[in-house]
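Read the structure below first, then the notes.
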Amino acid sequence: MEGKLFQTRQRQVNNKRVRRRRKRQREEKSTFAKFVEGLVFIVMLILVCSLAFGLVWYFGLRVSHAGAAMEPSLENGDTVFVNRLIYNARRPRRGDLIVFRPHGDESTHLLIRRVVAVPGEVVQIYEGNLYINHQLCERSSYFSEMTYAGIAETPLLLEEHQFFVLGDNPNSSSDSRMVEIGLVHREYIYGEAWLYVRGQSLRLLRR
């Protein structure tokens, strides 16, 4: 009888030990799970903050367009978002809308104009039409009836890192034809205009 009582008590003691061990294991697992969740949260927070910083740095530059120089692509008062990353991967191409400061002068406003000629090309404006390498530009209708040729009245060879830009509405535009703007050097280009806001709508700029 005493033997059975002893065995019963021993089983109870063992059961208590097992329950305590299982409880401790659950608590340890719960603590570890909370640690992992906290670590994942911190990592995700760092990634989100890094992504947000990158987006602000590369795409966060906003320019308010003024004037009629870029009509119909842009109108006075449009807010333009600038892709600051793209020209780290490639150089500006013909048709790009670039954002730049004339001669890198920090006292001047950022301008938005369209690249029409790139380094190594010869540009000329003759009888109101744009010529690239002595050939009528395929976008001549886009820049037709220019009343002022400026420095491009005679053939102009673009050297390395030099770009010739025009406004889409050239007769109301200050651009590379004018001495005060002239040829745009690569180091003065901030990026490519790619999105703009007009009213309540966000739109993609066309090439």
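The values are calculated or read from the model by the stated rules, or taken from the named source; none is laboratory data. Since the model is a prediction, treat every value here as computed from it, not as a measurement. Here Cβ is always computed from backbone atoms with ideal geometry, including for glycine, and neighbour counts include all displayed protein chains.
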* Considering (1) closer than 18 Å to Asn169 by Cα; (2) part of a loop (DSSP other than H, G, I, E, B); (3) in contact with a strand residue (DSSP E or B) (Cβ under 8 Å, 6 or more places away or on another chain), say which one Tyr131 fails and leave the rest. => (2)
* Residues being in contact with a His (Cβ under 8 Å, 6 or more places away or on another chain) and more than 24 Å from Glu106 (Cβ to Cβ): count how many of those fall in region 161-195. => 0
* Asked: Ser140 fails exactly one of the following numbered conditions: (1) at pLDDT 95 or above; (2) touching a Leu at 6+ places or on another chain (Cβ under 6 Å). What is the number of that condition?
  -> (1)
* To do: Would you check which residues across region 103-114 are surrounded by fewer than 23 Cβ atoms within 10 Å (Cβ to Cβ) and touching a residue at least 40 places away in the same chain (Cβ under 8 Å) and list them?
  => His103, Gly104, His109, Leu110
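Take Glu180 and decide whether it is within 19 Å of Gly120 (Cα to Cα) and either part of a strand (DSSP E or B) or not β-branched (Val, Ile, Thr) (or both). Please lay out each step first, then the result.
Values: within 19 Å of Gly120 (Cα to Cα): no; either part of a strand (DSSP E or B) or not β-branched (Val, Ile, Thr) (or both): yes.
Considered against the rule, which asks whether it is within 19 Å of Gly120 (Cα to Cα) and either part of a strand (DSSP E or B) or not β-branched (Val, Ile, Thr) (or both), Glu180 comes out as no.
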* Residue list for region 143-153, filter: at negative phi, modelled with pLDDT of 65 or more and among the small types (Gly, Ala, Ser) -> Ala149, Ala152
* Tally the residues that are assigned to a strand (DSSP E or B) and free of Cβ contacts under 8 Å to residues at least 60 places away in the same chain, restricting the search to region 63-80. => 1
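Regarding Glu106, is this residue out of contact with any helix residue (DSSP H, G or I) (no Cβ under 6 Å at 6 or more places or on another chain) and either of a type in the set (Asp, Glu) or assigned to a loop (DSSP other than H, G, I, E, B) (or both)?
Working: out of contact with any helix residue (DSSP H, G or I) (no Cβ under 6 Å at 6 or more places or on another chain): yes; either of a type in the set (Asp, Glu) or assigned to a loop (DSSP other than H, G, I, E, B) (or both): yes.
The answer is yes for Glu106.
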